[in-house]
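Visitor: Dropping a structure here in structure tokens format, bear with me for questions.
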Amino acid sequence: MDNGIKLYVVVPCYNEEAVLPETSKRMLDLFDTMKRDGLICEDSRIVFVDDGSKDKTWSTIDSLAKAYPEIAGIKLARNAGHQNALFGGLMTVKHDCDCAISIDADLQDDINVIPEMVKHYIDGYDVVYGVRNKRDTDTFFKRTTAVGFYKLMQFMGVNIIFNHADYRLMSKRALNALSDFPERNMFLRGMVPLVGYRSTSVYYDRNERFAGESKYPLKKMLSFAFDGITSFSISPIRMISALGAIVCVIAVIMAVYALVEKLMGNTGAGWASLMMSIWFIGGVQLLSVGLIGEYIGKMYKEVKRRPRYIVEAYVNETDSKERSEEVTENV
Ligand code: UDP
Ligand code: MG
């Protein structure tokens, strides 16, 4: 009998002892409602991933898990970072669930759209992105830096969903496809769109963090943004080449200018040759660095070992399906 979807909610937690009791209470209430509505089944779980916290996060998770059968916990041996903790949690649960939702422990993202996400999953969507309508509750600084970040990523040619963070539903097969991305520099919101499959979005208003402090201080935010760009785009390398080309053009203009000045007798000894050399050498060096960069860019794509393709569906299945799956597994 079909008694609802087996949903796992994965929550990365770093020093979140202050929010966990409230978070689990709200999540359990929501689970109860969804079970009553027949949306999710009894075996659905809320999985807290302790990302090497220094406070009482793990003992809190442990006692919650003992008190409520719906709650489970995973403890990482050290602080692996938000993206790794999230990925680790998703990869651990992907065998057990029909679909998994990732959400931050502070519930700044509205959990009331979870039923909507699950309904989209039932309608056949493999990925459902949670998208923030407005960010009034974020500080002015966080808002502007975030918008700047999305714009910059777009400019660099990285396909990410505007105003979507790591609040999303993924089906089992989307999670399996994600596990084919063996890269070490995790930037999930760039990787998930690469998986493909049918996707849609749900919209919500972002709340304030109700307890504890942000675990993303400016330093971590900047390194996260830098990671996102350098893990997905070789545009910065192309910019060096472009700059090299521009400097070469300037070199020609400067050569003409220096020659004219010299012929008109306006220059001291050695000025013209020095002037020409400086611009010319500068341009050649930048172009060379850009050229070497192109090769490094190719290597960077190779070492990521991302899947070349992901199969969406088969019709009239034959043995070739098994063969194709073997190939992906052997990569
Ligand atoms: N987090 C984590 N490991 C870290 C830093 C953060 O697992 O090293 C978790 C944190 O517990 C939270 C989520 O990542 O569940 C997002 O962090 P936070 O809410 O502090 O970020 P913000 O909303 O301020 O961007
Ligand atoms: Mg937060």
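Visitor: Normalise the Cα radius of gyration of the chain by 2.2 N^0.38 Å (N = residues in it) and let me know the number. Could the numbers behind the result be given before it?
Guide: Details: Rg = 26.0 Å, N = 331, 2.2 N^0.38 = 20.0 Å.
Working it through for the chain, the quotient is 1.30.
Visitor: Another one. With 19 Å as the limit, write out which pairs from 66/94; 220/301; 56/215; 142/220 have Cα-Cα distances beyond it, or answer none.
Guide: Numbers: 66/94 22 Å; 220/301 25 Å; 56/215 16 Å; 142/220 13 Å.
Pairs exceeding the cut-off: 66/94; 220/301.
Visitor: Going 7 Å from the Cα of residue 243 in the Cα-to-Cβ direction, what parts of segment 265-286 have a backbone nitrogen less than 20 Å from that spot?
Guide: Residues 277-286 fall inside that zone.
Visitor: Between residue 77 and residue 305, how high is the FRET efficiency from 1/(1 + (r/R0)^6) when r is the Cβ-Cβ distance and R₀ = 35 Å? Nearest 0.05.
Guide: Working: r = 25 Å, r/R0 = 0.71.
According to the calculation, E is roughly 0.90.
Visitor: Have a look at segment 184-331 and give its Rg and Dmax from the Cα atoms, expressed in angstrom.
Guide: 26.3, 83
Visitor: Report the calculated FRET efficiency for residue 59 and residue 259 (r = Cβ-Cβ distance, R0 = 51 Å), to the nearest 0.05.
Guide: Working: r = 78 Å, r/R0 = 1.53.
So, using R0 = 51 Å, E works out to roughly 0.05.
Visitor: Would you please give the residues with an amide H less than 5 Å from that of residue 5, counting only those at least 5 places away or on a separate chain, with H modeled from the backbone geometry?
Guide: Close amide H contacts, sequence-distant or interchain: 40, 41.
Visitor: Report Rg/Rh for segment 33-93, rounded to two decimals, where Rg is the Cα radius of gyration and Rh the Kirkwood radius.
Guide: 1.04
Visitor: Please sort through the DSSP H helices of the chain and keep those with an alpha-carbon extent of at least 18 Å along the long axis and a Kyte-Doolittle average not below 1.6. Write down the numbers at each step before the final one.
Guide: Details: long enough: 20-36 (24 Å, -0.77); 140-155 (22 Å, 0.25); 218-232 (21 Å, 0.68); 235-263 (42 Å, 1.84); 271-304 (49 Å, 0.74).
Going by DSSP H runs, the hits are 235-263.
Visitor: Another question, if that's okay. Rounded to the nearest 0.05, what FRET efficiency do residue 312 and residue 281 give with R0 = 45 Å and r taken as the Cβ-Cβ distance? Could you check? Intermediate values should be presented prior to the final figure.
Guide: Working: r = 52 Å, r/R0 = 1.16.
Working from the Cβ atoms, E equals 0.30.
Visitor: By count of other Cβ within 10 Å, fewest leading, how are 197, 309 ordered?
Guide: Working: 197 18, 309 8.
Final ranking by Cβ density, sparse to dense: 309, 197.
Visitor: Name the residues whose placed amide hydrogens come within less than 5 Å of the amide hydrogen of residue 71, ignoring near sequence neighbours (fewer than 5 apart) on the same chain.
Guide: Residues meeting the amide H criterion: 46.
Visitor: Continuing with the same structure: What percent does the relative contact order of the chain come to when contacts are Cα pairs within less than 8 Å and at least six residues apart?
Guide: Values: 482 pairs, mean separation 55.3, N = 331.
Value for the chain: 17 percent.
Visitor: Could you give me D for segment 63-148, from Stokes-Einstein at 37 °C and 0.692 mPa s, where the hydrodynamic radius is the Kirkwood radius over C-alpha pairs? Units µm² s⁻¹, please. Write out the running numbers ahead of the final one.
Guide: Working: Rh = 15.7 Å.
Estimated diffusion coefficient is 209 µm²/s.
Visitor: So between residue 179 and residue 26, what do we pick up on full extension, going 0.36 nm a residue minus the alpha carbon distance?
Guide: Numbers: separation 153, 0.36 × 153 = 55.08 nm, distance 2.99 nm.
Additional length available on full extension: 52.1 nm.
Visitor: Quick check: the distance between the Cα centres of segment 6-40 and segment 247-278, to the nearest angstrom?
Guide: 71
Visitor: Suppose each label sits 7 Å from its Cα in the direction of the beta carbon; what would the residue 205-residue 92 distance come out to in nanometres?
Guide: The answer from the label model is 3.5 nm.
Visitor: Express in nm, to one decimal, how much length is gained between residue 122 and residue 147 on full extension, taking 0.36 nm for each residue of separation and deducting their alpha carbon distance.
Guide: Numbers: separation 25, 0.36 × 25 = 9.00 nm, distance 3.21 nm.
Full extension of this stretch gives 5.8 nm more.
Any read-out appearing in this document is the output of simple, stated calculations on the displayed coordinates, not a laboratory observation. Bear in mind that the values here come from a model prediction, so they are computed numbers and not experimental data. We place every Cβ from the backbone using ideal geometry, glycine too, and count neighbours over all the protein chains shown.
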